[in-house]
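Working notes for the structure below.
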Amino acid sequence: MTNKTVTITDNVTGKSADFTIRDSVHGPSVVEIGSLYKEFGYFTYDPAFTSTASCQSKITFIDGEKGILLHRGYPIAQLAERSSFLEVVYLLIHRVLPMKESLEDFKRNISKHMLLNQGILNFFNGFHYDAHPMAMLTAVVGSLSAFYHDRIDISDAFHREQIASRIVAKMVSIAAAAFKHMMGHPIVYPDSKLSYSGNLLNMMFSMPTEPYEINPVAEKALDQLFILHADHEQNASTSTVRMAGSTGTNPFAAIAAGCAALWGPAHGGANEAVINMLDEIGSVDNIAKYVEKAKNKDDPFRLMGFGHRVYKSYDPRAVIIRKTCHDVLEALGVDDPKLELAMRLEEIALQDEYFIERNLYPNVDFYSGLIYKALNIPSSFFTVLFAIGRAPGWIAQWMEMIADPDQRIARPRQTYRGPEMRDYVEEFQRGSK
Ligand code: SDX
């Protein structure tokens with residue numbers, strides 16, 4: 001069977017060339033465009049990568065039109081309802097759903113790695129008490145590369161699996177240590193008898209002065225939220241991890257780069273920005289005014305938690321989180337006026353022509369913050385929780401990239417729009433400035 005191709009003809013020179021089409025299992029086929037420069041002397045220009053596939057991957061599939069999200073082929077709604085976070089982590093890293101014994105071994109390995117080297121805890125003493133927790137997370141995750149460098153061989157599959165377990169395990173301990181630093185309270189160590197989410201709650205909220213009881217509603221909600229954040233194809237932070245990792249750098253340093261990218265309000269920082277936005281709107285009476293501000297190009301205000309580069313229908317994660325938000329607030333007896341405000345804002349925006357014609361729907365960040373808030377977690381910490389959920393996606397994508405035979409250092413080109421070549425000008429010959 002002859003290869004399916006796309007023919008490009010340069011109308012300036014009349015030259016034509018065929019470029020191979022490679023089919024995907026799901027979603028659009030791709031055109032292998034790598035030889036464009038050799039054939040035509042042109043680069044492609046796609047600054048936001050809206051039509052560019054940066055890699056081949058078997059981990060996650062998203063259909064933005066149909067609102068589909070699959071991890072290793074399993075729909076996110078089925079995983080959120082029937083799996084657990086560490087089982088999904090196992091699936092992302094090992095490509096299959098585990099048998100019971102394998103999952104128990106995996107959990108024990110994660111639990112073992114939750115303990116941080118005491119030297120890492122010293123880093124927190126350098127932060128001011130009001131340092132943003134994402135600043136602390138990014139810095140301390142990066143510091144793991146100082147503790148795990150000489151003894152890791154990223155070309156060894158077993159080493160990569162151990163690195164993955166360490167990242168997943170230590171994210172919660174570093175996050176909890178950052179939280180305790182924010183509160184000015186003593187560190188609490190992990191407890192191998194507790195679940196992953198239970199350990200996070202215990203390390204964040206238990207105090208030496210009185211017994212702490214983990215609320216099962218909070219434990220289950222966190223576990224489900226981590227599943228819903230676990231991976232999301234080639235989003236900005238995952239692409240950052242892949243780009244950094246493609247140089248062969250220390251994987252902990254590459255994950256720290258992912259934390260840095262996630263922090264932005266256009267990406268993982270949106271969950272914190274949603275709560276701040278709801279605070280600014282204040283009441284249902286102000287919604288119309290703020291919806292108009294969001295539509296006004298001259299106004300920097302955006303409806304945070306709305307819109308998505310890929311989903312042009314409802315984010316399937318947002319559908320699940322919206323229901324969980326109601327269930328958790330009801331189970332905890334939390335009557336948060338922000339929930340009513342968020343629901344009215346969603347209702348009004350989804351009936352507005354501006355949002356309808358641009359396919360702007362609530363995304364994963366629109367309701368998640370209301371759940372975190374009901375668990376007494378400060379909004380500045382919300383993106384840290386996103387990072388905990390996303391860490392297995394980052395490291396699974398890093399593992400896949402390192403093992404990909406097509407993989408080489410990522411090095412995009414540009415279109416140069418600067419000054420034409422010119423000679424050096426001595427100081428006395430320069431203009432007034
Ligand atoms: C995440 O990539 C991923 O997968 C990310 C993520 C993951 O799991 O990793 O899903 C997590 O980051 C979710 C997104 C969280 N961010 C926000 O909620 C911030 C608010 N959203 C916007 O900033 C925006 O929607 C983005 C950044 C999410 C998407 O931006 P795009 O794809 O560049 O869309 P765009 O700016 O080209 O928007 C198209 C139009 C524009 O209007 P026009 O120029 O066509 O007239 O829609 C408008 C935009 O002005 N628009 C919005 C809007 N989002 C887009 N207008 C008002 N409010 C918004 N939120």
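The values are calculated or read from the model by the stated rules, or taken from the named source; none is laboratory data. Owing to the predicted nature of the structure, the values given are computational and were not obtained by experimental measurement. Using ideal geometry, Cβ is built from the backbone for each residue, glycine included, and neighbour counts are taken over all protein chains shown. When the accessible area is computed, the model is the full protein with side chains, heavy atoms only, and any ligands, DNA or RNA have been set aside. Shrake-Rupley method; radii C 1.70, N 1.55, O 1.52, S 1.80 Å.
Can you confirm whether V274 is crowded, with 23+ Cβ neighbours inside 10 Å, closer than 30 Å to D150 by Cβ, among the β-branched types (V, I, T) and at pLDDT 95 or above? Considered against the rule, which asks whether it is crowded, with 23+ Cβ neighbours inside 10 Å, closer than 30 Å to D150 by Cβ, among the β-branched types (V, I, T) and at pLDDT 95 or above, V274 comes out as no. Pairs linking a residue in the range 14-34 that is without any contact (Cβ under 8 Å) to a residue 60 or more places away in the chain to a residue that is acidic (D, E) and surrounded by fewer than 12 Cβ atoms within 10 Å (Cβ to Cβ), with Cβ atoms under 8 Å and 6 or more positions apart or on different chains, are S29/D23.
Considered as a group, the residues in the range 235-266 that are under 15 Å from F386 (Cβ atoms) and of a type in the set (V, I, T) include one that is surrounded by the most Cβ atoms within 10 Å (Cβ to Cβ), and that residue is I255.
Looking only at the range 338-359, how many residues end up being assigned to a helix (DSSP H, G or I) and in contact (Cβ under 8 Å) with a residue 24 or more places away in the chain?
From the range 338-359, those assigned to a helix (DSSP H, G or I) are 338-350, 353-357; that's our starting set.
Now restrict to residues that are in contact (Cβ under 8 Å) with a residue 24 or more places away in the chain: 338-342, 344-345, 348-349, 354-355.
So the count comes out to 11.
Among residues that are farther than 30 Å from L92 by Cβ and more than 15 Å from the ligand (Cβ to nearest atom), E330 is included.
Residues in the range 216-267 that are assigned to a loop (DSSP other than H, G, I, E, B) and among the aliphatic types (A, V, I, L, M) were compared, and the one that is nearest to the ligand (Cβ to nearest atom) is A266.
Can you tell which of I187, I227 is open to solvent by 50 Å² or more (accessible area, probe 1.4 Å) and either modelled with pLDDT of 95 or more or among the basic types (K, R) (or both)? Spell out how you get there, then give the answer.
Working: I227 fails: open to solvent by 50 Å² or more (accessible area, probe 1.4 Å).
Among I187, I227, only I187 is open to solvent by 50 Å² or more (accessible area, probe 1.4 Å) and either modelled with pLDDT of 95 or more or among the basic types (K, R) (or both).
Do we have T52 as hydroxyl-bearing (S, T, Y), surrounded by 13 or more Cβ atoms within 10 Å (Cβ to Cβ) and over 21 Å from A230 (Cα atoms) here? Yes.
The rows are residues; the columns are (1) in a loop (DSSP other than H, G, I, E, B); (2) over 24 Å from D231 (Cα atoms).
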{"site": "D150", "(1), (2)": "yes, yes"}
{"site": "D153", "(1), (2)": "yes, yes"}
{"site": "A169", "(1), (2)": "no, no"}
{"site": "A176", "(1), (2)": "no, no"}
{"site": "M182", "(1), (2)": "no, yes"}
{"site": "P190", "(1), (2)": "yes, yes"}
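Of all the criteria given as (1) out of contact with any strand residue (DSSP E or B) (no Cβ under 8 Å at 6 or more places or on another chain); (2) more than 16 Å from the ligand (Cβ to nearest atom), the one not satisfied by S29 is (1). Under the condition of being open to solvent by 50 Å² or more (accessible area, probe 1.4 Å), touching a residue at least 60 places away in the same chain (Cβ under 8 Å) and not polar (S, T, N, Q), the residues counted in the range 360-389 number 1. When the range 289-319 is filtered for residues that are open to solvent by 30 Å² or more (accessible area, probe 1.4 Å), more than 10 Å from the ligand (Cβ to nearest atom) and within 20 Å of the chain's Cα centre (by Cα), the ones remaining, listed by number, are Y314, V319. Across the range 3-24, the number of residues qualifying as in a loop (DSSP other than H, G, I, E, B), open to solvent by less than 80 Å² (accessible area, probe 1.4 Å) and closer than 30 Å to I59 by Cα comes to 1.
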